[in-house]
1. Say whether the condition of being touching a strand residue (DSSP E or B) at 6+ places or on another chain (Cβ under 6 Å) and either at negative phi or not assigned by TED's automatic domain parsing to the domain that holds residue 263 (or both) is met by at least one residue in the stretch 303-310.
2. Out of all the residues in the stretch 382-398, which are under 18 Å from residue 337 (Cβ atoms) and touching a helix residue (DSSP H, G or I) at 6+ places or on another chain (Cβ under 8 Å)?
3. Criterion first (surrounded by 23 or more Cβ atoms within 10 Å (Cβ to Cβ), closer than 26 Å to residue 48 by Cα and in the same structural domain as residue 366 (by TED's automatic domain parsing)) does residue 436 satisfy it?
4. Which residue out of 186, 156 is crowded, with 17+ Cβ neighbours inside 10 Å, farther than 27 Å from residue 278 by Cβ and under 30 Å from the mean Cα position of the chain (by Cα)?
5. Filter the helices (runs of 4 or more DSSP H) completely within the stretch 110-211 down to those with at least 1 residues that are within 17 Å of residue 98 (Cβ to Cβ) and either modelled with pLDDT of 95 or more or not assigned by TED's automatic domain parsing to the domain that holds residue 267 (or both).
6. Of all residues being touching a strand residue (DSSP E or B) at 6+ places or on another chain (Cβ under 9 Å) and in a helix (DSSP H, G or I) in the stretch 440-458, which is farthest from residue 509 (Cα to Cα)? Just the residue, please.
7. Look through 310, 317 and report the one residue that is surrounded by 21 or more Cβ atoms within 10 Å (Cβ to Cβ) and free of Cβ contacts under 8 Å to residues at least 60 places away in the same chain.
8. Would you point out the residue of the stretch 533-559, among those that are out of contact with any helix residue (DSSP H, G or I) (no Cβ under 7 Å at 6 or more places or on another chain) and not in a loop (DSSP other than H, G, I, E, B), that is surrounded by the most Cβ atoms within 10 Å (Cβ to Cβ)?
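The values are calculated or read from the model by the stated rules, or taken from the named source; none is laboratory data. Since we're looking at a predicted model, the values are computed, not measured. Ideal geometry is used to build each Cβ from the backbone, glycine not excepted, and the neighbour counts take in all protein chains shown.
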């Protein structure tokens, strides 16, 4: 593939590097090695930068940060972009609700303008009205938001998506360009972006077929029927068994679900092509954003009836099986929403079944994005465990409430032993859940040896970037340069890219795979034939090698 060739080419052109490393072990004791000269110099510069948040941000902006593995595309886009796109799409704005609304027509003069129902105004006019422009930026994001009685940060955050919605898939390529450009400016090299390709036909088919009248599934871990008691007599509370789920899946596929696979693949291909066009990728004047590899996580909307969610989940697994740029699947929408809470166990049961049907599709699940008071105490006790044990999650998004789970120490030990990585989103957890350093689970994960990596979640809505998250982690949790370096390594090591890991042992960054053991150091340009072949055959290892090269360059160029 072109991207793979580019990464390997960068590796082969890399400068000489001599990094020593330290990494997570499978338990609470971290394997460590002595700092190299470059790491020693970087640690000293890091300590000096620790004097203020601004000097720390400046230091960390240049530091290689590897990957952002938890990023929702629509939430990653800044409000200013949405306002330009809304004007281009001839949308209207309701100045009272501060949201986009459809036009009721367009003018005949050229260029045509939106015709809006009162009290709406054309989105294009917002660009000439600074007061309304500012109000919309605030409405589309967390900028300037202060909680008021009855309206929390959680409410504001999730309300933004409905306010800036209404635009078509035609902007996905523009948005990929935006996140890639921002990532490149911060020395990131890889993104896994959550996107929702079209699924309306599959959802409609799911409702037409209905839900199978299978038995209550109490035989699997966490199968307490109370976990799926919706309290709604219109919903069948039963988690259909494997036979019923298999039958429903076959009916979905036979009924036309496969037709939407081609639609989704075309949408993704067009988005990537537009991103490449904007950045001139493959041309002499290629933009820096071209150096950022992007892959897609197929996100499923979980806060709906099982007929829809199961159908979209099957579609997601099918697309991920057919489209190389889609490397995994995830569930999204607020975890405390009524349907998300009441359907959680049933969704994990069918994830268990679908993992057996599609064992090669990677799974990352939002789990534990909850805090005390948001839901009853019993709602905090099983989500992460079921995501790991039933949902086969290789990564957990957020995982904030882990210490409120039943037997949390056992769960942490299991996650460490199985190398289930946690995608940490500090600012998101603060603005949505009100969880800050004193109550955050990051120290518990690190103490237990659970692999962790920093990510942004929705950097546009939160008005942040990945450097902001690294700065926050460094200052709030008193992390060292080596701590942050290993978080970056962990992120790259837990991508859903194909291929073997560069490192000989998972999450231990002290010894490379045998094929490259003879290299002068990870990231070096002095490669054996075996190591070159290994990197060419493993996109994951090539990205890990590239990160080591970037660290070597960064550390060598520090004053």
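1. no
2. Within the stretch 382-398, 382, 383, 384, 386, 387, 391, 398 meet the criteria.
3. no
4. It is 156.
5. Hits in the stretch 110-211: 123-126, 130-139, 153-163.
6. Ranking the candidates gives 442 first.
7. 317
8. Selected residue: 548.
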